[in-house]
Amino acid sequence: MTAALLFAIGLMAGGALALRPLLRPARWPNEPPAARDDVARAVSSLRDLEFAVAAGTIDAADAAGLRARIEASAFASGDLPGRPAPVRTFLLAALMAGVAAILAVAYLPAAVGDRAPGATLTGTLPDAGPAAADLEAAVRARPQDIPTRLALAEAYENEGRTAEAVTQYQAVLEIDPRNVPALNGLGIILFASGSLDGALVATDRVLAIRPRDPDALFLRGLVLYRQERYAEAVEVWTVYLDVGEFHYGAPMVRTLYEEARAKSGG
């Protein structure tokens, strides 16, 4: 028994020595800044900010300050000194990974159930997609290829090339006047540019084709809310929250929906 006890103590001591380097504060490696990634993240953040401004959910002065910070972050450069990476950092990372796993278990079944027959497990979740230059070449080779034109329009939007995105959406509608993704894309651009009536026309056309389209319902409610037509916004968003439970705009709409109900006296 004594031998076993000594063996156990030795094993614990050896384990402590083996783990000691991992517990010592380390330095994060200095990596060169990825300017393209920073700009892409900034563009995405600016688009989100513009939606918040358009919806009236953020103060103008706060929006201006936040916009300046986002724009500055896109061009940050230079080497940053190494920072300590204490053990609690790894524990926090493990906790976040656990939370992500729980959320995946909770929400993935519903998302998977909405995929097309024979589609992959991720269903319609978007991937990074090809670069705009590759898509431009593909469109030149196949001008009637609607999916490629839609992908090119989205790539242009991600790069902030709004006018070129509009051109691609219009080209798609010349081929197929009832193309829902192109109509929704134009509606979002019109809304972001301040053309609320134009955005409503786009959503009207979509909902005439697909009455329960979540993208169109989301945008139509947002336009009506912006125009202070609160009762109509509530009516539209009631349908939206029924069909768009997992839509990207649902968290924001839930808040605005309650505000619209209060302001409409409902």
> Is it the case that R254 is among the charged types (D, E, K, R), more than 23 Å from the chain's Cα centre (by Cα), in a helix (DSSP H, G or I) and farther than 30 Å from P147 by Cβ?
Replying inline: no
> What number of residues within region 143-193 are more than 20 Å from A131 (Cβ to Cβ) and either not assigned by TED's automatic domain parsing to the domain that holds Y225 or not in a helix (DSSP H, G or I) (or both)?
Replying inline: 6
> When G194 is evaluated against the numbered criteria (1) of a type outside the set (F, W, Y); (2) closer than 23 Å to A151 by Cα; (3) over 21 Å from the mean Cα position of the chain (by Cα), which criterion, by number, is the only one it fails?
Replying inline: (2)
> Which residues, taken from region 229-251, are outside any helix (DSSP H, G or I) and either hydrophobic (A, V, I, L, M, F, W, C) or in contact (Cβ under 8 Å) with a residue 24 or more places away in the chain (or both)?
Replying inline: G244, E245, F246, H247, G249
>> Please go through region 207-228 and give me each residue that is over 22 Å from the mean Cα position of the chain (by Cα) and closer than 19 Å to V243 by Cα, ordered by number.
In response: L207, A208, I209, R210, P211, L224
> Is it true that some residue in region 209-223 is at positive phi and not in a helix (DSSP H, G or I)?
Replying inline: no
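Yes/no per residue for (1) under 27 Å from A155 (Cβ atoms); (2) acidic (D, E); (3) surrounded by fewer than 22 Cβ atoms within 10 Å (Cβ to Cβ):
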| residue | (1), (2), (3) |
| --- | --- |
| L173 | yes, no, yes |
| S195 | yes, no, yes |
| T203 | yes, no, no |
| V236 | no, no, no |
> Considering V239, V234, which residue is aliphatic (A, V, I, L, M), farther than 17 Å from G187 by Cβ and modelled with pLDDT of 95 or more?
Replying inline: V234
> Which residue pairs have Cβ atoms under 8 Å apart, sit 6 or more places apart or on different chains, and have a first residue in region 212-225 that is at pLDDT 95 or above and a second that is basic (K, R)?
Replying inline: A216/R210
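The values are calculated or read from the model by the stated rules, or taken from the named source; none is laboratory data. Everything numeric in this text was worked out from a predicted model, so none of it was measured. As a convention, Cβ positions derive from the backbone with ideal geometry for all residues, glycine included, and neighbour counts pool all protein chains shown.
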